Structures are given as structure tokens and as C-alpha cells.
Amino acid sequence: MDEEDIEKAVMTYLKKKGFKQTELAFQEEQQRQHPKTALNSTNSHVDPEIACQILSFSSELENNPAQYHEGYGKLRSWAYSSLDLYKHELLRVLYPVFVHCFMDLIAKGHIQEARTLFNSFREDHEMMHARDLQKLEGVLSPSHLEEMEFAHSLRQSKFNIKICQYSYDLLLQYLHKTQSVVMLGLINEHINFQVSPGQPTSISDDAEVVTFMGSGQDATNLINQKEIHWGLLEDSLEERLEKAGALVPDSAKVDGEAREGEVEENKKRPYEGGKQGASLKKSKKDKVATATGKASRVETSTVSVAPRVKPELTLPSIPAEVEHSILEDLRNRVQLSSAALPSISFYTFINTHNGLNCASISQDGSLVAGGFSDSSLKVWDMAKLGQQTGYATSQIVEDSYPSDSLLGANSGRKSYTLFQGHSGPVYSATFSPFGDYILSSSSDSTIRLWSTNLNTNLVCYKGHNYPVWDVQFSPVGHYFASSSHDRTARIWSMDRMQPLRIMAGHLSDVDCLQWHVNCNYIATGSSDKTVRLWDVQSGECVRIFIGHRSMILSLAMSPDGRYMASGDEDGTVMMWELASGRCISPLVGHTSCVWTLAFSCEGSLLASGSADCTVKLWDVTASTKLLKTEDNKTGSINRLRSLKTLPTKSTPVYSLQFSRRNLLFAAGVLSKNT
Amino acid sequence: MSIVPKETIEVTAQSIGINNLSPDAALALAPDVEYRLREIMQEAIKCMRHSKRNLLTTEDVDSALRLRNVEPIYGFASGSGDPLRFRRALGHRDLFYVDDKDVDFKDVIEAPLPKAPLDCSVVCHWLAIEGVQPAIPENAPVEVIRAPSETKLPEQKEDGLPVDIRLPVKHVLSRELQLYFDKITELVVSRSDSVLFKEALASLATDSGLHPLVPYFTCFIADEVSHGLSNFPLLFALMRLVWSLLQNPHIHIEPYLHQLMPSVVTCLVAKRLGNRLADNHWELRDFTATVVASICKRFSHVYNNLQTRLTKTLLHAFLDPKRAITQHYGAIQGLAALGPNVVRLLVVPNLETYLRLLEPEMLLEKQKNEMKRHEAWRVYGALLSAAGQSIYDRLKMFPSMPSPPASTVWKTNFRIIHSCSANLLEEQPPAEKIGNDGALVPLSNNSSDMETDKDPAALGDSSAGRSSPKDIRESHSERRQKRDQLEKRILRTPALLNQAWKDDLDSGRLLLLLFELFGESIFPFIPSPEMAFFL
């Protein structure tokens, strides 16, 4: 074993790694030693084994690209042939290793080898990570790695893998025994093992087990530890109604019951009274429904006491007559539960020629807005449309809308009000809570405020630099939030041209957003597959929800402020608990994009509308209760019970909206060719 | 290695005038081009998702390019409904070009304006009422037969969730539908003459939510027909029920046709329908014939062998001399309803032999039984009508009339013929009625009157325009003489007829044959111009 060789190897290694100081020190030492070695060469006894290792190590660091392929292939076959009990845990390690092998090879310029590695093993991960692979497939040079946000974040952060003690030992043993230094290095660098004693986890819940931390595990944990005041607003109308209800003397009731029970009883009575006047037909059925509903509610009443929080924003005042009508609605609300499903009124857009990008329904369902790819926003007044049914064509010619200035010459012929002003496809529209304003966001990076009373454009908000994907009015009106391709979400108030807050942090487009019921938070869903919750007052990110496997398309907040639902491109809907930041249950059922989600007004049902032409109703109370009872049982998936699937006639569902009286409105486009 | 090879870069470089691109540059550019392409596609997919579509369009790519501050590619708009297509160049495996047609300016300018696209609008309906989907045309059709969900059960058990086990009920009927079914069947069985039944039939023919009931109705019909062959009102009600179901545009009756057809055909060619003399089974057969014809018309493209099987059955009944004369009648009516072509091809060739068999039945001397004779005349009438329809249809196709005003005459003639044939058809039932009355009256009074009824005097008042057996017999002999005369005339004008027949010898022959068989009674079916020729 030639000593010279070793020294050379060490030198080149140090040079390569840029350890200049060490190199110098090494050289100095070498020179000091050389005379000595010349004197008594027998003195320096080099252990041949060490030399061999050093040499082999250096040769590896000569970036032999075959090492990666070979190493990964061996690791893979080892993992596949391991014991069944631990197999699934060990298999989880493969994906991060694979991805990083690929990126390492790219980074070192071995494009060809990276390709072969990628193509020979991609089938293994196709099922779970198809989209990521598609993205990575395009990476063909080191510079792309730097540029691409996904690759960048992969390199920056670590994978988090839950693994049991024994599997971990097995893995380490294997890596040491086979001296696969490259693999060991990769695993050390990019994977963060959370070793748990005892039995391996079950196969089923790997969704949570392999998680990829956008900003590092610790940061997320830190963020998710922040306090959230998810309670409802103090002095909200609902509360006022409850108080009013509680004041009504109710001698028949047993006073031992909790306050909530009483309140609900009282809430129910006027509802029944009103119902009898409205439709005698239904009353019998309703009684049955309320009877069953009551039983379940007594159980949940202890849960449903939501804490009250103070608003952080100055809230706009509500006009007295509007308040009155809302109170009236709340009194007449139909109680929904798994036994009492809602009625759904469906608005179908026809003859849109593939041009409709979004649909929005006002709180009371009387107005429907559609945003089109030809930059127009059209608003239908369903109340008027209802009168016209039957002889629509002749009727439309007769009635004239006051909005002639906007509509131009042939205004009288149209059944809708046309709002023109945007210069790019309109991607989102939202009604203010009382239906007097509409906001629309467009590809031209602006947001426009329209008045439905005056039928005119009021303000054009400029601030985003790229298309604005989504805009949402806050539950109290006045404030609104927008999300954009520029990876930010912004908070605005109607009276200011500039945004009040800018929420930055997502790694990719912010595709959808939703206000929390108490207006203190907004949730945003992004193409980086995470949902974030932001504090409106401070503009800070307070929660990161990780678990989706593809782009997030829709969000909904439960009316008690406790839960959030998110729907993604694959058709998965996830329920999150805001306080803990944990996923309660993935709702599997849809086969295509979930465009829209809506909670019923008392929060017992979740409705989801999808591109697979169905509306699904899910039982929220059952699942959350289940969570409580089975909390200690780890490893069991809690699935929300799907109550009902309502297929439409080849009409993808774009929008869902529960009215204050719990009537569900849905909108979609009739598309014959899909 | 990658999607974009370096040759592509070289070709592209050449196409924009760079001839001396170094191979290294091409090699370096290729992966970058691929990366950029993928980047654009990623953005385009985002745009597609935000337009809530599952189909990537050129507009999405354009907006993705705009997002990246690249000028969009013009000329690839897909909005016109006819998307651009790439075509493979002949002789090359992997060379494609855009199929861009040359358009003549003149054509574009002279072409009529395209139809204005319909304006977009919103329609409203109930997707669900308290969680239940109403069966209205706006909603997706409810799955009639739901397969029991075997696969789901073990999965749910694993979760330890409260499993709601669905019983393997194959077919769920709502209470309303059950009530509806009960009501309809009750009406059919007991009160088929009420006004309510008529309304029920109208509802069956129009209501959209009845599809789940169709299997029950077919079973009901099959059962009742097989058990109630002697109950005439029931049979008629059943056939009207079938007719209404066929009329309903929201019902897919095809899968149940095989169950339905036997009962319907039974009502057409059964030996006895009803057990009382008053039962007008002729009318039932006529009605059933129209039902059969409409089924054939509607579903012959779905079931290719439907019509052939049906005609085979009917022809069999028609040609079997052992069958009852009523069966023959049904078969003839059924064949006639299937259209003149069927008659021409299947009935007419057998006419002569059949009439030879029928003739003795019709003659007073040979057939003493009034009923039988009457039936035979009935069949004769049906045959005449069927043959007449077919010859009329045949002649209608005869376009070439030598005289110029023929076309105008034609139209009026057409109407006349129609009314003629209508008259004739109308004439039949009264004759029938008389016959029936004749049969009835004696029955109710005393049976000995039957004999007197046979007197021509007794029927003399009805002979005006009607065909009492005797009258016809007399006229028959007269006709024979006339025909002889006519034939002489025909012989005298062979040239004229030859000219007419040159166009269609067959129809001429057919005409002659029919004339030979039926005599003058075929004339009302023949348009007068032809008649003129003929005479």
C-alpha cells in the first residue's frame, strides 16, 4: 500500500470539498513529517485496512455515478425482501432516497445516469407520488434544481419518517454492513427518523407517516404550537338570538337541563311554528327529524359550547332591517343532521361554450354570478328568472333592466346583468354577505368591486402582480381576501386601494382561500399541497396543514370555528382540527377535483361538489365524535361517514352555498362532452 | 434520453436561419428546452384547473405563456369547435404537420352567416328534496338496479365504524311509486272504462319518473294476458297500457321488450279473445296491430331480428290453413301494419291460394254458419285493405305522368284517395257493426230470426254502400263480366299500358293480379291517373 497514494487521495478530497484550512494544515503537517519519515520510514505504520477504506472512500467521492444506481437498487431489493411486518416501514425510506439520489446525480452533472436511475425505478413511486415525479422528470440540469421551487424545497428540508425501533435498527445494520456509504449519507442528510418503540405502525395510515416539511419539521411544529382563538365572535347575531330565546320563559321545560339545551328547544319552537304556516306537508316529517335531532344534540351540547373571542378587526355595523331579516332566517332555520338531509336547489348554466370559470351564489340564493373566460361577469337574478319560467324567450324581450348603460343596445333581451371591466378571464367571484356587492378577481391581476344595486363597477383594486385566483368576502363583509399566482394572499378593505396585509410563505400559487368564522384568521390552500392558516391582525402564519397529495382547490370552515375542510385535485377531502393542526379524517369518495365545499349552518353536515358530477353529503358530527372516542386508538383511520351521493346530469358542480335557512344551493355547468 | 433530442434543436435552428449551430450548444439547449416546456405545461395545467376544466386547451397554454412573460402563440385558437389536428407526414414515422386547410376567400364571403350561438343562461331545478332526488328529467336517471355492495363491507368493518349494512335489495321502489303501480293495476283490472283510466294512460305516457316501474308493468301485463284471454275489456286495457308505456319518452322499454312481445302478439293472433259475442275482438286486433307496428318501427334498429321474427310468426299464422279464421285476420292486420312492402312481399304472393281457400267460406251456399261467413268476409276485407294499401304505395312511387298538370292533379288525387281509403276503412266497421247487430239482435230476441236475417230483404236497407254477403256475391259475378270487358279494353290499348308499365312492370303486374283477385273493390286504392291508364 503506497503511502503516497493515500496522501494524494486525501489531498484531492480536501481540495474538492474546499476545506482550505484543513488542506493547509495537512500540507504543513506533511512537510513536518516528511523529514521524519525519510529518517525512519519503518516508523510510520499504516494500517492497510484504513488505507483501503480511505482509498475506496475517495474513489467513491470521485463521483462514481454508478454508485447511486447500484446502491439504490440494492437498498430497494433489500427492503422488498425484508420481513413482512417491517416491510412497509422500510419501503417508506425508498422514496426520499430515490428522489435525492436523482437530484444528487443531476447536481453533479450526471444527467444521463440520473435519467436511467429515474426511469428504472419510477414505477415504484408512481402510485403515491405521480405528480412530484412528473415535476422532477423535467429537471435536466443543475441550474434547474436551483430554479425549481419544488426541487429547491426538497433539497432544503428533510423528510419525516415514523419508524419503529426494530425497523430502524435493521436499516442501520444493513447500511453499515454493506458499506453503502452513499446511501447512508443520503439518509443521514435528508431523512429525519422519528423512532418509536414497540410495534410497527399499520400500513394504512402512511399518509401521515411520510411527511415532507416545507420549511423543516421544527419550524412547522413551532408554528403549529402557536395559540389559536378559534372561538366564535362575541355578541354575534346567533348569540343574540340564543339569549333572546333563553329569556322566553319556558315552564314546561325541565330546568335541570343545560342552558344550551333550552336554547335549542326555543330555537326549534318558532321554527316549527313558522313551518306550519309555510307548509303543512312537511311538518310531520320535520317533527320526526327534530325528535331524532334532539337526541343527538343533547349529547353534543357539551361539545358545542364554543368559546367567544373578541374581534381583532373593527367590524362594520349591520343595518337594522338587514339584521332583522337575518334573525328571521335564523329562527326559520331547518335543523340538519344525518337523519334530516337538506334540500338542494341546483342552478345549471347552459350554453356556456366552455367559457365559465367560476360560479358564485349569494347567501340567500337569489343571485347567481358567473365569471367567464371572455373577461365578463354575468349575474342572474333567480327571483326574476323564476317568474319567467315557461315562456322565457318571449318574456326576456319584454322586460328591461335598469342597467342599460352597461348592457349596451341589446340589453333588454338578456336575462342577466353583464358586468364588463376585466381584461382577462375571471377566475373568482364572491357576493358580500348581504348580496349588495360582488367582488371578482381576474387573470389581469386586478380585483373589481361591483354594486348589484347600481349595476356598475365601483373600485378596481390593484396590488397583485399575477393572476388572482380567488377572492372571498369576510363573513361580516367590508373586508376581503385574495390569493394569487404570485404566491401571496392579501387582505383588503373595501375603502382602501392598497392591501392591508400581505401573507407570504406559500411555496407555490395560492389557489383558494377561506375566512374563519370569527374573521380573525384566513386559511389558504396552495399548489404546494399545504393549507396554511394566517392571523389577519399580525399577518403571521399560525398553522400549516400537511397531508394533501395534490393541489388544493377548495376550503370550508365549520360554523363553530373548530374545523376546516379542504378538497384537492385528486378528489380527497380532509377535515382538520384547527386547534391541533391535525387531520381528523380523510374523506375518500370523489374521483375527480373537488371544486367546492360547504358546511351547513349548524355545522352538522359537509357538502362537497366535484368534477365527477356529484354532490356528496358527509356527516360531520359522527366523525368528530368518533375522534373523541377513538382518540387513544392509534392507527385507525377515521373516515367521515358519507351520507349521500347525489349525481347530477353530467354537470360538474362548481359552487355550493348553504343559505341561512339551511337550504343548499349548488351551481354547475352542463357539459355534454365530458 | 429525454423528450427533446438535440436533433430537434438543430432542426429548429435551421428553420430560423442558424446554420452553424455547434453540436455542444444544441446538446446544452435540449434539456433546457424540455425543462421550459414542462414549466409551461405546469402553468397551463394550473390555468386549466382554475377554469374548472379537465381538458387542456390552447387558451390555457397561452395564458401560461403570458404568466411567464412570453408572447403567446397565435393561430392555434381552439374556440371554433374544430380543433387543429396534427397529421403525420406521408412516408415519415415521426414527422407531423398542422393540418391547415386552404380556404377560398370567395367561399368564406359567400357562405351564409353561421348561426348565432345560443346565449348562456341559468336554469334551476331541485337536485334533492330533503335528501331525496326527485325523478325529474333534469336529474340523472336513478340507477334502476343497484348491485349489492359486497366490496365495501369488509373495508368498513376494518375501520370499526358503525356500519350501516344495506340489505341486498336489488330494486328499491318509493312508496309513491308503489301506490301508483297499485292504483294503475287496479284500474286496468276493474275499471278500464272509467275516465280515470284515460287519465292514468295519459300519465303513463308522459310522466318521467316511472322508469323503475317498467319491469313490474311488463310482468303484470304478461301475467294478465296469459290468465285473462277470455276477459276482453282487460285485454284491451292492457294493450292500451302497453301503448301508453311505448309513448312515454322517459322510459327505456327496450330491455323489457322480450317479455312484452309475446303478450302483445298473443293479443293479435290468439284464437279467441274474449268469450262473449259482444266482444269486439276485431277492434282489439286492429289496435294491437298498430302497437306491434310502432314497436317494430322504434326498436328494429336496436333488435335487428325483431321484425323478421315477428313477420315469421305472423306469416306462419297466416299460411296455416288449420288456424282459425280469426287468427288469420290478426296475422293479416299485423302484417299490414308493418307496412305496404311487407304486404307486397309476403302477403300478395300468397293471395291467390288463400283467396281460393277463403272463397267457399264466404259463399252462402257453402258456409251455412252466419258467424263463420261473417268472419270470412272480415278477413276478405282485411286482405283487400292490406293489398290496396300496398298497391297504392307502389303506385305513389310512380312519378312520371305524361301530362304536365299531373302534379297538381296528383295532389288533389292524393287527398281523394286518402278520403277514399278512409271511407273504405270506415265502411268496414259499420258493415261489421251491422253484421254484429245482425248477430246480436237475433240472439237477444230469438234465435230463429237468424234464418230470416239471411234474407236479402232484411239486409236490403243496409245494402246502400255496404257489403252484405249477398250483395257482394252478386256484384262479384257482375264484376267478372266487367273484368272481361276491361280485359278486352286492355288488350285494345296495349301500347298505352306498355308505356306505363315500362317504368314499373312489377307494379303493373301487381295491379293486374290484385284486380283479378279483388275486382273493382281495389279501385279506390288506385290514384285516378293510373286508373285512367288502367281503364
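The values are calculated or read from the model by the stated rules, or taken from the named source; none is laboratory data. This structure is a prediction, so every number in the text was calculated from the model and none was measured. Cβ placement follows ideal geometry from the backbone for every residue including glycine, while neighbour counts extend to all protein chains displayed. Accessible surface areas use protein heavy atoms only, side chains included; no ligands, DNA or RNA. Shrake-Rupley method; radii C 1.70, N 1.55, O 1.52, S 1.80 Å.
Before moving on, here are some points about what is shown:
- Within region A:51-91, if we keep just the residues that are at pLDDT 80 or above and of a type in the set (K, R), the residue that is nearest to A:A9 (Cα to Cα) turns out to be A:K74.
- Taken over region A:483-510, the criterion of being part of a loop (DSSP other than H, G, I, E, B) and open to solvent by less than 20 Å² (accessible area, probe 1.4 Å) is satisfied by A:H485, A:H506, A:S508, A:D509.
- Of the residues making up region A:417-452, those that are touching an Asp or Glu at 6+ places or on another chain (Cβ under 6 Å) and not hydroxyl-bearing (S, T, Y) number 2.
- Scanning region B:111-132 for residues that are within 7 Å of chain A (Cβ to nearest Cβ), closer than 18 Å to A:T352 by Cβ and open to solvent by 50 Å² or more (accessible area, probe 1.4 Å) gives B:P117, B:L118, B:D119, B:V123, B:C124.
- Which numbered condition A:T572 fails, given (1) touching a Pro at 6+ places or on another chain (Cβ under 8 Å); (2) farther than 28 Å from A:L643 by Cα: (2)
- Per-region count, region B:355-373, residues outside any helix (DSSP H, G or I) and open to solvent by 70 Å² or more (accessible area, probe 1.4 Å): 3
- Test: residue in region A:470-482 that is among the hydroxyl-bearing types (S, T, Y) and part of a strand (DSSP E or B): yes
- Scanning region A:469-510 for residues that are within 14 Å of chain B (Cβ to nearest Cβ) and closer than 23 Å to A:P316 by Cβ yields A:D470, A:V471, A:S482, A:S483.
- Any hit, region B:286-299, residues being touching a residue at least 12 places away in the same chain (Cβ under 8 Å), assigned by the TED database to the domain that holds B:W377, in contact with an Asp or Glu (Cβ under 7 Å, 6 or more places away or on another chain) and under 25 Å from B:N350 (Cα atoms): no
- Scanning region B:1-25 for residues that are in a loop (DSSP other than H, G, I, E, B) and surrounded by 11 or more Cβ atoms within 10 Å (Cβ to Cβ) yields B:M1, B:S2, B:I3, B:V4, B:P5, B:I18, B:L21.
- Residues being modelled with pLDDT of 85 or more, open to solvent by 20 Å² or more (accessible area, probe 1.4 Å) and more than 9 Å from chain B (Cβ to nearest Cβ) - total across region A:629-657: 2
- Subset of region B:26-35 that is open to solvent by less than 40 Å² (accessible area, probe 1.4 Å) and touching a residue at least 12 places away in the same chain (Cβ under 8 Å) - its residue that is farthest from the other protein chains (Cβ to nearest Cβ): B:A26
- Residue match in region A:128-140 (condition: more than 29 Å from the chain's Cα centre (by Cα), buried (at least 19 other Cβ atoms within 10 Å of the Cβ) and farther than 25 Å from A:S526 by Cβ): yes
- For the condition within 14 Å of another protein chain (Cβ to nearest Cβ) and assigned to a helix (DSSP H, G or I), A:A79 does not qualify.
- Qualifying residue in region B:58-66 (condition: open to solvent by less than 40 Å² (accessible area, probe 1.4 Å) and within 9 Å of another protein chain (Cβ to nearest Cβ)): yes
- Check on A:D124, assigned to a helix (DSSP H, G or I), open to solvent by 30 Å² or more (accessible area, probe 1.4 Å) and over 30 Å from B:R36 (Cα atoms): no
- The one condition from (1) assigned to a helix (DSSP H, G or I); (2) surrounded by 13 or more Cβ atoms within 10 Å (Cβ to Cβ) that B:E352 does not meet is (2).
- Qualifying residue in region B:222-238 (condition: part of a helix (DSSP H, G or I), surrounded by fewer than 19 Cβ atoms within 10 Å (Cβ to Cβ) and among the polar types (S, T, N, Q)): yes
- Every condition in (1) over 19 Å from A:N221 (Cβ atoms); (2) open to solvent by less than 20 Å² (accessible area, probe 1.4 Å); (3) among the hydrophobic types (A, V, I, L, M, F, W, C) is met by A:L553 except one, and the failing one is (2).
- Taking each residue of region A:659-671 that is more than 11 Å from every other protein chain (Cβ to nearest Cβ) and under 26 Å from A:G355 (Cβ atoms) and looking for partners that are modelled with pLDDT of 90 or more and open to solvent by 20 Å² or more (accessible area, probe 1.4 Å) with beta-carbon atoms closer than 7 Å, six or more apart or interchain, yields nothing.
- Strands (runs of 3 or more DSSP E) fully within region A:564-619 counting 3 or more residues that are open to solvent by 10 Å² or more (accessible area, probe 1.4 Å): A:582-587, A:594-599
- Sole residue being in contact with a helix residue (DSSP H, G or I) (Cβ under 8 Å, 6 or more places away or on another chain), crowded, with 18+ Cβ neighbours inside 10 Å and under 16 Å from B:L335 (Cα atoms), chosen from B:V269, B:V242: B:V269
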